Amino acid sequence: VVTWNVGTAMPPNDVTSLLHLNTGETNDADMIAIGLQEVNSKINKRLKDALFTDQWSELFMDVLSPFHFVLVSTVRMQGVILLVFAKYYHLPFLQDIQTDCTRTGLGGYWGNKGGVSIRLSIFGHMVCFLNCHLPAHLEKAEQRKEDFATILHMQQFEGRAASGILDHDLVFWFGDLNFRIESLDIRFVKYAIDSNILSQLWEKDQLNIAKSTWPVLSGFQEGPLNFPPTFKFDVGTNKYDSSAKKRKPAWTDRILWKIKTPSVGLGVGGRRPSQGVLSVSQLCYCSHMEYTVSDHKPVAALFAVQFASKADKPPVEIYVADEWSRPEQAVVRYKMAAAFHRSSWDWIGLYRVGFRHPKDYVSYVWARGDDGERCPEKPLCAQVMFSEEALPKGKGEYILGYYSNTSSSIAGVTEPFQV
């Protein structure tokens, strides 16, 4: 999980260290959630951005796609953006994807402040990512609490499984939460940072104080702040604010999580709570001083999440040859799980390995399961064919993905094969 207030800056050229890519570690991430605040959102700029695509989202898609990450979902509210990526082979197990946003700026009319969320079922467990930008300034702590409570109250998702944010089995809450350091003067704060006695500042951090006093924060956990405050820096440097305002350094940029306490007996609507225990351990919580385009430093956290039971069969299984060397080999057979809700608008896309998002296909065929040939031994199995014109001209590695119109997500993928 990454949070970064980018201060309307242009993206840097390289974000691989921020995303902990190329580390050579075995605990390579399966999913990445990126929350940005203060992305340049001038109106004329937004019109050009119609599909996604601000330069930040483009950059993250470009950097992550060679590592087999695909954009699962994105949501934007003015300058507040949330992107969730996953390795392509996990896509069929990420279902029920929904987004929401809540404006709290100017009394709820302006989206410069507020929260955006993406929720989804991951291997059958309901998980919500919530990126917030809360009000600034030392004296606004109470306003931050009210705005957070408003966001939790306003955001509602469709379906019985987890309609509110806190109904999810696991919530990641992050962003520029704007909490400041109380009652210590700037000279002491800077001395504590320079002397690396950060623990002296922790007890005066407003969010740390609030965790034990605000009911709305009960159950939220956070790792130790073993990195220097991430705000406010002179842009282009690692020097704290030297302007006339001389703002006191603060840990404004934070990443927290909350595991839902298991309820006894049946859950909402007679639904059993998720089977077994969900455990989360934080492997790393750090800031990235090497980025100087903004007056905030980005913060990243790496989590190992253990799910008790795991769906091991995708909603749609796709069968394809190891190689298509002649047009007549471009046959696709697929089999849908009994509980899968198919739509006549479902399609199967041919994707180049390293594709960026579900609409980034080379070509597609409609998954007309009814007029596909049936496989007698597998009654729910159908087959379709790519026409010669639909096939890519050059050689390459490709995968097939079954796109479900009902769930707006990929419900089945193949291993890479040669065309």
Report, to the nearest 10°, how far helix 55-64 tilts away from the longest principal axis of the Cα atoms in the chain, using its own Cα long axis and a range of 0 to 90°.
60 degrees
Packing-based ranking, highest mean first, of 337-345, 121-129 given that Cβ atoms within 10 Å are counted:
121-129, 337-345
Cβ-based charge dipole, the stretch 2-306, positive-most Cα from Thr99, Tyr291, Ser121
Thr99
Calculate, for the stretch 2-306, the solvent-accessible area per residue in square angstrom, rolling a 1.4 angstrom probe over the heavy atoms of the protein chains.
43 Å²
HN-Hα J in Hz across the stretch 32-38 - Karplus 6.51, -1.76, 1.60, θ = phi - 60°, x for Gly and Pro:
9, 10, 10, x, 10, 10, 6
What list of ³J(HN,Hα) couplings, whole Hz, do you get for the stretch 296-307 from phi and the Karplus terms 6.51, -1.76, 1.60, once you set θ to phi - 60° and write x for glycine and proline?
10, 8, x, 10, 10, 9, 10, 10, 9, 10, 10, 9
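Cα gyration tensor of the stretch 316-418, axes a ≥ b ≥ c as square roots of the eigenvalues: rounded (a/c below 1.5), prolate (a/b > b/c) or oblate?
Oblate is the answer for the stretch 316-418, as a/c is 1.5 or above yet b/c matches or exceeds a/b.
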On the accessible surface of the stretch 2-306, probed at 1.4 Å, how many percent belong to carbon and sulfur atoms?
54 percent
Tally up the carbon and sulfur contribution to the accessible surface of the stretch 316-418 as a whole percent, 1.4 Å probe, everything protein left in place.
50 percent
Given all pairs of different Cα atoms, what value in angstroms does the Kirkwood hydrodynamic radius of the chain take?
23.1 Å
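Hey, got the dipole for the stretch 316-418? About the Cα centre, +1 on K and R Cβ, -1 on D and E Cβ, debye to the nearest 20?
240 debye
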Extending each Cα 7 Å along its Cβ direction at Glu158 and Asn40, get the distance between those two points in nm, one decimal.
3.6 nm
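Please give the peptides 396-404, 173-181, 151-159 ranked by average Cβ packing (other Cβ atoms within 10 Å per residue), highest first, as a rough proxy for protection. Don't jump to the answer; show the numbers that get you there.
On the way: 396-404: 21.3, 173-181: 25.4, 151-159: 15.9.
By packing density, highest mean first, the sequence is 173-181, 396-404, 151-159.
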Local net charge near Ser243, Cβ-Cβ under 13 Å (Lys/Arg +1, Asp/Glu -1)
+3
Phi angles of the stretch 191-199, converted by Karplus (6.51 cos²θ - 1.76 cosθ + 1.60, θ = phi - 60°) into ³J(HN,Hα) in whole Hz with x for Gly and Pro, give 4, 5, 5, 4, 8, 6, 10, 5, 4
Whole-Å distance linking the alpha carbon centroid of the stretch 58-100 with that of the stretch 397-415 is 15 Å
Charges only on Cβ, +1 for Lys and Arg, -1 for Asp and Glu: so what's the dipole of the chain about the Cα centre, in debye to the nearest 20?
940 debye
With a sphere of radius 9 Å drawn around the Cβ of Phe233, what net charge do the other residues whose Cβ falls strictly inside it have (Lys, Arg +1; Asp, Glu -1)?
0
Does a label point 7 Å from the Cα of Tyr89, set along Cα-to-beta-carbon, have any residues of the stretch 382-419 with amide nitrogen under 18 Å, and which are they?
397-402, 410-418
Inter-probe distance in nm under a simple model that places probes 7 Å from Cα toward Cβ, at Asp30 and Lys245
4.2 nm
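The values are calculated or read from the model by the stated rules, or taken from the named source; none is laboratory data. Keep in mind the model is a prediction, meaning the values are calculated, not measured. Cβ sites come from the backbone with ideal geometry, for glycine too, and all protein chains shown count toward neighbours. Keep in mind that these areas ignore ligands, DNA and RNA; they rest on the heavy atoms of the full protein, side chains included. Shrake-Rupley method; radii C 1.70, N 1.55, O 1.52, S 1.80 Å.
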